[in-house]
Amino acid sequence: RYDDGKKVDTSAREFFEVMRRLEFLPNSPTLMNAGRDLGQLSACFVLPVEDSLDSIFETVKNTALIHKSGGGTGYSFSRIRPKGDMVRSTQGVSSGPVSFMRVFDAATEAVKQGGTRRGANMGVLRVDHPDIQEFIGAKSNGRELRNFNISVAVTDRFMEAVNTGADYCLIHPATGEPVGHLNAGNVFRTICRTAWNCGDPGVIFLDNLNRNNPTPQLGDMECTNPCGEQPLLPFESCNLGSINLAKMIVRSHGRSVINYTHLAQTVRTAVHFLDNVIDVNQYPLPAIEKITRGNRKIGLGVMGWADLLISLSIPYGSEQALTLAEKIMGFLQRVSHRASCELARKRGAYPNFSRNDRRIPRRNATVTTVAPTGTISIIAGCSSGIEPLFALSYVRKHVLDDRELPEIHPGLIGELTSIGLAKPGIEQEVLKLGTIQHIGELPHEMRRYYATALEIPPEWHVRMQAVFQKYSDSAVSKTVNLPFEATPEDVETVYRLAYKLGCKGITVYRDRCRDSQVLNIGCTACA
C-alpha cells in the first residue's frame, strides 16, 4: 500500500528475521491470528458500559466477540447507578455495578478465547462511586470474578484526603451530586488490606492517566486493558510488541555490553511492524476500527530485563539497575518516537492528531508501553516484562489442566559450571528452594544479582516501575511481589510510594494469599 514491491519484500524479511531470532515479538493475537481468516491482531480493548440494560448487554455481546478473537477487555463500571437506586422505567431498584460485573464474568467463562485461552477482563470503579466499598471486597472470597482483575480509580483529591485524614464525597454517577461521604484514610486502608488478603484490588491513578492523554479532545480515559499497561478510550484497541533485551547483549573485550546500534535498528523495525498491523487488522466492531485507526496507538515495550541485568552482573534492587533502566528505556522511547515521526512524514500523522498540538506530528498517538509479556516471553525463553525473576526454579501450573511444569533458570547452570560449582547437591538445592541465597559456597555478589522477586525489597519494585513509567507513553504492567509474611501496612507503603513517584497504577501480590496461583517456588518432587 505504501511502498513498492522491492521495499515490501525488504520489510517482510526484516520483520521475519527479528521474530525468528526472538529479538522482537508482537502480542499473542498477532502471532496466533495473522494469516488466518479471523485476522484479529490486537490484544488490548476497552469497551464502554453505560447505565442502561441495552448498553450493558450490548457490551456483553461485544466482549464475547473480542474474547473469541483473542483480545482482553477493560471496562469502567463507574457510570452504573448504585445499588438500591430507583429504576424509573420499571419502578424497580438497581442491583449496582458489582452485580453486572458478575454477568460479564459468567460470559467470559463461557467463551473460550480463539480456541487457545480464556478471556481476561479489567474492572474499574471510581473511588467516589457510592458502591465503592462493595467493589473493593468483590473478590475477597476467592470464588467470584475469577476472570477479572479489578482496580480502584483514585483521584488526586482522594489521595490528598488520605494524607490529611479528611472525608471525601461520594458522587451519584447520573446526577453528579454528592450522596454521602467516607473517610479517605479508612477507605485507603481497606483497599490495601483487601489487596494484601487476595491480590485485588489494584489502584489506577486516574488524574495521572489523563495528564498524559494524547487526545484529550476525544474524552477522558477511564480504564485500562486487563494488565493495566494500556489506558484506552471507549472502543479503542491497541496492538503491542516487546523487544527481548537479553538479545541486545554482545561480548566486547571479555565482558558483556549492550549493543545500542542493534537495539536502535530493532526498535525502528518494531515500530514499522506494529504500525502496519493497524492497517491489516480485522477489527471485531466498526466502532473499534474507527477510533483505533484514528489514533493508531501502538505499544512497544521490553522483556528480558532481569536476564539482561544478570548478564551484566547488576542486582535488580540497586541504583545501578535504576540508572541503566533510565538509559535503556529513555533510548528506546527516543528512537521509537523518531521512527513514528518518520512514518508520519511518509504516511501522514494519525488522523486525530490535533493541529494545536505543538509536538512534531507522529504516526501513532502512543508508541511505548511496558506489557507483562506472559506468553511471548515464554516463547522467547526470557524473563517477563521488567519483572525480576520470580524464582531460579519454580513450578508453572498450567492454567487449563493444572499440570505442574518445573523450570530452572538456564543461565544459572551455565554460571555454576563456569565457576566449577555445578554440583548435583547445589542444583538439587536450587530446584527444591528456588533460590541460592542460602548457599554459602557461592560468591556474595553472585547471590546479589540472582536475588528473586520475593527477595527484593518492595521499594525497589516500585522504583523500577517508576523509572520505566517515566519513558512510557502509556503505562507499565508490574506486580510488586510480597512475601507471605508481609503486612497490610507494607501494601500501604507500596501504594503511597507508587503515587508519589508518578506511576499510573500499581498492583501487589502477596505470596500464597490465594488457594491457587500460577507460579510456585521450588519443585516439591525434588524435595
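Please work out the average accessible area per residue across the chain, using the 1.4 Å probe convention, and give it in Å². Dividing the accessible area of the chain by its residue count gives 43 Å². Between the range 296-369 and the range 370-410, what is the C-alpha centre distance in whole Å? Here the answer is 25 Å between Cα centres.
Ordered from largest to smallest accessible area (heavy atoms of protein chains, 1.4 Å probe), the residues Asp128, Asp207 come out as Asp207, Asp128.
Restricting to the chain, what percent of DSSP beta bridges are antiparallel, rounded to 5?
50 percent
Cross-link pairs exceeding 21 Å in C-alpha to C-alpha distance, out of Lys61/Lys297; Lys327/Lys470; Lys297/Lys470, comprise Lys61/Lys297. Tell me the accessible surface of Thr487 in square angstrom (1.4 angstrom probe, heavy atoms of protein chains only), to the nearest ten. Near enough 50 Å² of accessible area.
Within the accessible area of the chain, the carbon and sulfur atoms contribute 52%, probe 1.4 Å, all protein chains present.
Under 19 Å from the Cα of Lys6, which lysines turn up, not counting those fewer than eight places away in the same chain? Once the sequence-local lysines are set aside, what remains near Lys6 is Lys346. Accessible-area rank, largest first, for His172, His253: His253, His172, with all protein chains present and a 1.4 angstrom probe. Projecting the Cα positions of Gly330, Gly348, Ile376 onto the charge dipole of the range 323-399 (unit charges on Cβ atoms of Lys, Arg, Asp and Glu, taken about the Cα centre) puts Gly348 furthest along the positive direction. Accessible surface comparison of Ile291, Ile314, probe 1.4 Å, protein chains only, largest first: the order is Ile291, Ile314.
Span-like helix check, the chain: qualifying full DSSP H segments, with Cα axial length of 27 Å or more and mean Kyte-Doolittle of -0.5 or more, are 260-280, 319-347. A dipole drawn for the chain from +1 and -1 charges on Cβ atoms has a positive end, and of Ser418, Gly137, Tyr75 the residue lying farthest that way is Ser418.
At the residue level, Lys432 shows approximately 80 square angstrom of accessible surface with a 1.4 angstrom probe and all protein chains present.
Need one number: the % of Cα-Cα pairs in the chain sitting beyond the 36 Å mark. In whole percent, the long-distance tail amounts to 32. Straight-distance candidates among the lysines for linking to Lys68, with alpha-carbon spacing under 18 Å and chain neighbours fewer than 8 residues away dropped: Lys112.
The values are calculated or read from the model by the stated rules, or taken from the named source; none is laboratory data. Note that the structure is a prediction, hence the values are computed from the model and not measured. Backbone-built Cβ (ideal geometry, glycine too); neighbour counts: all protein chains shown. Keep in mind that these areas ignore ligands, DNA and RNA; they rest on the heavy atoms of the full protein, side chains included. Shrake-Rupley method; radii C 1.70, N 1.55, O 1.52, S 1.80 Å.
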